[in-house]
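What follows is a single structure, written as structure tokens, with notes after it.
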Ligand code: GAP
């Protein structure tokens with residue numbers, strides 16, 4: 001099963017989905033780039049979340065906050081004091097690992113002696129200002145949600161929203177992870193999709209259960225293999241003091257059950273902390289009843305890159321064809337596929353066919369992301385599209401010139417049928 005991760009990693013490089021960052025310099029641990037195909041998929045994935053979490057809901061609005069904030073934010077949030085990751089150091093090669101990642105021997109050099117676990121702060125530091133000596137230390141946000149709390153009052157004052165309502169955001173977060181690993185599963189720069197739902201304290205229980213189910217349903221719609229999804233409930237004794245409960249949506253990765261998203265009971269902790277540290281009252285007054293209270297928060301916080309990786313693992317298939325050849329196919333949700341269709345002129349040396357194909361291609365690009373490919377034989381073109389998960393391949397051939405029909409080939413069934421050009425947009 002670990003093999004599947006290697007296969008997906010290799011597919012990502014081969015087909016321009018994900019590249020190791022700074023590869024020509026030997027790479028840098030925990031940083032990845034999305035390639036020409038990957039960026040399309042990732043954008044579709046983020047749009048899919050936004051559609052589900054914002055567009056379809058009258059009481060959730062979005063923001064797009066900055067990565068660097070006032071440094072006090074991270075004092076208030078508790079990250080400066082307690083955003084730690086525990087690590088042990090190999091006494092021979094000095095590499096650091098999370099204690100749970102060593103099973104007796106150092107994964108790097110095979111050494112067997114380690115230091116006691118120590119806590120390292122994961123916040124990335126930077127400096128704001130240009131004059132030496134007058135620069136202020138600031139931090140790259142360790143979790144994207146803090147900007148939502150900072151803008152809570154602005155949103156209340158500038159929109160028609162009343163509690164209960166949510167603020168959603170997709171954005172980068174940075175963590176100086178000790179052992180970034182498992183491809184893009186644990187990285188140092190990643191994106192989170194967060195929604196903070198602000199409610200009256202009496203409504204917490206109901207809202208928590210609602211969002212827990214909503215978020216599981218979201219992942220069920222996205223992935224094919226539902227048996228690879230489950231909830232993990234955090235044990236009571238491990239909860240932070242303000243949380244009554246916390247659940248993770250977990251995905252069964254090749255290395256075991258792994259966190260995909262957290263549904264967190266944040267209570268009034270965040271707004272109370274920011275009220276205290278900023279000196280600005282962030283409580284809410286109900287416009288109907290006049291009741292004044294500190295809103296409570298249910299948070300849904302997931303990793304975009306992690307979801308993307310799980311989606312690739314969930315979609316990757318190898319099928320043996322009748323002729324014994326192995327076909328690699330990404331049976332990815334069509335909404336996320338980079339291209340909805342690929343357009344092929346059967347041959348590239350017949351201008352009538354190429355021109356007809358161009359005409360169809362250009363018509364389709366008005367409404368859909370489609371790919372043009374006139375290189376190599378049709379079989380090779382199909383293999384390429386299968387590997388990047390393109391749902392349909394449309395071939396323009398000699399018959400097209402006679403009856404205005406094209407061949408449409410389905411990614412999953414490999415069935416081909418003749419379709420009238422004017423019916424293509426209904427696919
Ligand atoms: N605001 C709450 C919060 O940040 P979290 O459980 O630390 O909670 C939420 O993070 C999600 O962000 C995780 O479920 C995971 O999907 C993603 N995530 C966290 N650390 C990550 C990392 N180092 N690399 C990739 N994704 C990560």
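Here, each number is a calculation from the coordinates, and none is a lab measurement. Since the structure is predicted, the reported quantities are computational estimates derived from the model, not experimental observations.
Indicate, rounded to the nearest 5 percent, the antiparallel portion of the DSSP beta bridges found entirely in the stretch 339-423. Bridges in the stretch 339-423 that DSSP calls antiparallel: roughly 55 percent.
Just want to confirm a number: the relative contact order over the stretch 339-423, from Cα pairs under 8 angstrom separated by 6+ residues, in percent. Reported relative contact order: 31 percent. Each 10 Å bin from zero holds the following percent of Cα-Cα pairs in the stretch 162-255: 12, 33, 43, 11, 0. Could you give the angle, 0 to 90 degrees to the nearest 10, between helix 269-278's Cα long axis and the longest principal axis of the Cα atoms of the chain? That helix lies at roughly 60 degrees to the long axis. Dividing the summed -39500 (n - 2.57) terms of all DSSP H runs of n ≥ 4 by the residue count of the chain sets its mean residue ellipticity at 222 nm at -9000 deg cm²/dmol.
Reducing the stretch 238-284 and the stretch 138-208 to their Cα centroids gives an inter-centroid distance of 9 Å.
Quote the Stokes-Einstein diffusion coefficient, in whole µm² s⁻¹, for the stretch 27-170, based on the Kirkwood radius over alpha carbon pairs, a temperature of 37 °C and a viscosity of 0.692 mPa s.
171
Over all orientations, the stretch 121-221 has a Cα convex hull whose mean projected area works out to 10.2 square nanometres. Based on C-alpha pairs under 8 angstrom that are at least 6 apart in sequence, the chain has a relative contact order of 13 percent.
Taking the square roots of 5 times each eigenvalue of the Cα gyration tensor of the stretch 339-423, largest first, gives ellipsoid semi-axes of 18, 14, 13 Å.
Where the eigenvalues come from the Cα gyration tensor of the stretch 15-77, what are the semi-axes √(5λ) of the equivalent ellipsoid, largest first, in whole Å?
Rounded to whole Å, the semi-axes are 29, 23, 7.
Rg and Dmax, both from the Cα atoms of the chain and both in Å, are 25.2, 77. Shape analysis of the stretch 190-340 based on the Cα gyration tensor places the equivalent ellipsoid semi-axes at 40, 16, 13 Å, largest first.
So what's the stretch 286-416 giving for Rg/Rh, alpha carbon basis, Kirkwood Rh from the mean inverse pair distance? Write down the numbers at each step before the final one.
Details: Rg = 21.9 Å, Rh = 17.5 Å.
That ratio equals 1.26.
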